[in-house]
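Take a look at the structure below.
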Amino acid sequence: MKLNATDFRRRTGVDPETFAEMEAVLHDREASKRKSGRPPAVPVGAQLLLTLEFWREYRTFFHLGQAWGMHETTVLRTVVRVEDALLQSGHFSLPGKKTLRDAGTVLTAVVVDVSEVPCERPKKSSGTGTAGKRSATR
């Protein structure tokens, strides 16, 4: 892709340098495979771009498959494979809960009360409604 850094970040959600690091991790994983097997449907860079597009836009696998010319199951397997490789590398994982708590980060939360309130309705046996009444002309 021939985009400047700002547009690239807008498109993918990551900086070009981070994209290059992620791509290097995926290339290292491909090189360390024992069995070659069937070649992938798309190159490693496109696999990463597909995964970032899924993360960024959260489109369905069906829609991504239509856009990339692949079956939705292939898209799913590609995204899972890329996610696993990036997590196993250890370079792209989020810090743990204890690290965030010890960092002195002030967290704010908005709490919304969505509890249910009983609604007043007439009783079925009250006779105030008109449904079910027979006319007196019978």
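The values are calculated or read from the model by the stated rules, or taken from the named source; none is laboratory data. Predicted, not measured: the structure shown is a model, and the values here were computed from it. Each accessible area value is taken on the protein alone, full model and side chains, heavy atoms only, with ligands, DNA and RNA left out. Shrake-Rupley method; radii C 1.70, N 1.55, O 1.52, S 1.80 Å.
Measure off, as a whole percent, the carbon and sulfur share of the 1.4 Å-probe accessible area of segment 9-82, all protein chains present.
52
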### Query
For segment 82-89, what does the Karplus curve 6.51 cos²θ - 1.76 cosθ + 1.60, with θ = phi - 60°, yield as ³J(HN,Hα) per residue in whole Hz, taken in order and with x for Gly and Pro?
5, 4, 4, 5, 5, 5, 5, 5
### Task
Any lysines with Cα under 24 Å of the residue 123 Cα? List them, leaving off those in the same chain fewer than 8 positions away.
133
